[in-house]
Amino acid sequence: MSSSKQALAHPASSAEAASGTSPGAARGARGRGAPAAPDSWRSRLYRWDMKASPYAFVAPFFILFGAFSLVPLLYTAWYSLHDVQLSALDHQTWAGLDNYKNLLSSDFFWNALKNTLSIGVISTVPQLLAALALAHLLNYKLRGSTMWRVVMLTPYATSVAAATLVFTLLYSWDGGMVNWVLHFFGVDPVNWRESDWGSQFAVSSIVIWRWTGYNALIYLAAMQAIPADLYESAAIDGANRWQQFRHVTIPQLRPTILFTVVVSTIGATQLFGEPLLFGGVSGSKGGSEHQYQTLGLYMYDQGWIIGNLGKASAIAWSMFLILLIIAAVNLLLTRRLRKSQ
């Protein structure tokens, strides 16, 4: 009788024993499964973190871009439609498109545009050709290849002021090394600051010296990505190194060459520091007769020397439109290259 009472009093214990689970473990499992709220809160927090973290990582860039690029760009567009003087920023008079009309009728604007294009061609074409040749040489196995690559980047790491100061001494009218070399070969000395093409060549040489090594390393990286099978097949067909360079290397480098041409053209459009420092006192004017005044110098002269911020803003937006045209041409050429491939 007592054994039957004990069996009735502990039915759960026998069931737990039959299933192989201890009573404490079963109660602990029931206790852990009861509060489900913290787990759901953590899961929601995890989902929020996964969604918001990428935006938080990129937010600093967009904040800085909006504060220091987008807002000044829009504010410059607003200034370009007004008559604004540097001495009286609070007094703004609506001018509409008058600043742009004045630019189109200004001989100084067209002279600055012509100088920008000519200096851009003189500096870009030899620069990229020299960079391509240097990259081709560095692509072969040379002793101290790492040292040569560092040497290629040294001019790029040099400041604009230091490089321009050295080149100004080299192109000095009396005592300059360039005129000394010309005199050694029986050529009359050249007044590099006052002559038209001489001053543009001098400014272009500074740009060539600073950016050739940078573009050479870009070409070198692209050359090292070309499959070696293409060169082996060309060598089997009897092609020498020059033929391999023409028919294998150049076609494979077309996208990279297009990229460097566009970037160099953009840099030439924004050229400012080299001609400003090369000209000395008359640097903002681009020489005594504006013979090497670029669009950047013309904008600086109108905005900070003369004080006409409205016209300077119109020049800035004109440069921006030129860059948009260059970007559109780049996009069109890139699409055609992809279709041809």
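Between SER340, SER288, the distinction of being farther than 27 Å from VAL71 by Cα, loosely packed, with under 14 Cβ neighbours inside 10 Å and touching a residue at least 60 places away in the same chain (Cβ under 8 Å) belongs to SER288 only.
ALA163 falls short of the stated requirement of being at pLDDT below 95, open to solvent by less than 50 Å² (accessible area, probe 1.4 Å), farther than 15 Å from ALA202 by Cβ and not β-branched (Val, Ile, Thr).
Selection of segment 263-272 for residues being touching a residue at least 12 places away in the same chain (Cβ under 8 Å) and open to solvent by 20 Å² or more (accessible area, probe 1.4 Å) yields THR265, ILE266, GLY267, GLN270, PHE272.
Just one residue in the set SER80, SER87, SER106 is among the small types (Gly, Ala, Ser), open to solvent by 60 Å² or more (accessible area, probe 1.4 Å), modelled with pLDDT of 75 or more and under 30 Å from SER288 (Cβ atoms); that residue is SER87.
Annotation: TYR231 fulfils all but one of (1) assigned to a helix (DSSP H, G or I); (2) closer than 30 Å to GLY296 by Cβ; the unmet one is (2).
The values are calculated or read from the model by the stated rules, or taken from the named source; none is laboratory data. Please read these numbers as outputs of a predicted model, since none were measured by experiment. Methodologically, a virtual Cβ is constructed for each residue, glycine included, from the backbone with ideal geometry; neighbour enumeration extends over all protein chains shown. What goes into the accessible areas is simple: the full protein's heavy atoms, side chains included, and nothing from ligands, DNA or RNA. Shrake-Rupley method; radii C 1.70, N 1.55, O 1.52, S 1.80 Å.
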